[in-house]
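The values are calculated or read from the model by the stated rules, or taken from the named source; none is laboratory data. Everything numeric here is computed off the predicted structure, so don't read it as measured data. Using ideal geometry, Cβ is built from the backbone for each residue, glycine included, and neighbour counts are taken over all protein chains shown. These area figures cover heavy atoms from the full protein model, side chains too; ligands, DNA and RNA do not enter into them. Shrake-Rupley method; radii C 1.70, N 1.55, O 1.52, S 1.80 Å.
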Amino acid sequence: MSSSTWFKRIKQGILTSTKEKKNVPDGLWFKCPTCKKTSTINELKGNLWLCPSCNHHNRIDAAEYFEIIFDDGEHELLFEEIISKDHLGFVDLKPYKKRLEEARKTTGLKDALTVGVGPVNGKNL
Ligand SMILES: [Zn+2]
């Protein structure tokens, strides 16, 4: 599953905002695709993005992974100035350059790869 598919799934209601779901406390809710049980995003995050009911492993992005792997989430992003380019001028159903622009707009990311550095278990690598 590509990251854009995941993004669409979020928009389609696996993560539902409080506004859309009446009579629930603040925050977002998560419906597990495996056991179909609902939990809050805070519960899910506290369980390292595993479903609290069945341990279903949810996909997470680099930002969430960095929060987990680095001590207190402390990290510095590297190579942020590097972005993908269309050196070949490739075109299929639409120009690759346009695909890149759309992907950046949809994800808010500059590239498919995110690199970070920070302390892990008290060690700066
Ligand atoms: Zn589950």
**OP:** Confirm whether PHE79 is surrounded by fewer than 14 Cβ atoms within 10 Å (Cβ to Cβ) and assigned by TED's automatic domain parsing to the domain that holds ASP111.
**Re:** yes
**OP:** Go through region 30-45 and give me each residue that's open to solvent by less than 40 Å² (accessible area, probe 1.4 Å), within 13 Å of the ligand (Cβ to nearest atom) and modelled with pLDDT under 95.
**Re:** PHE30, SER39, LEU44
Original post:
Looking at GLY108, GLY122, GLY89, which one is free of Cβ contacts under 8 Å to residues at least 40 places away in the same chain, on the phi > 0 side of the Ramachandran plot, over 18 Å from the mean Cα position of the chain (by Cα) and open to solvent by less than 70 Å² (accessible area, probe 1.4 Å)?
Top reply: GLY89
Subject >> Answer residue from region 51-71, given it is part of a helix (DSSP H, G or I) and without any contact (Cβ under 8 Å) to a residue 12 or more places away in the chain and is surrounded by the fewest Cβ atoms within 10 Å (Cβ to Cβ) among those >> reply: TYR65
Original post:
With respect to the numbered conditions (1) touching a Leu at 6+ places or on another chain (Cβ under 8 Å); (2) not in a loop (DSSP other than H, G, I, E, B), which one is the sole condition not fulfilled by ASP86?
Top reply: (2)
Subject >> Qualifying residue in region 46-59 (condition: more than 16 Å from the ligand (Cβ to nearest atom), on the phi < 0 side of the Ramachandran plot and not aromatic (Phe, Trp, Tyr)) >> reply: no
**OP:** Could you identify the single residue in LEU44, LEU48, LEU77 that is assigned to a helix (DSSP H, G or I), free of Cβ contacts under 8 Å to residues at least 40 places away in the same chain and within 18 Å of the chain's Cα centre (by Cα)?
**Re:** LEU44
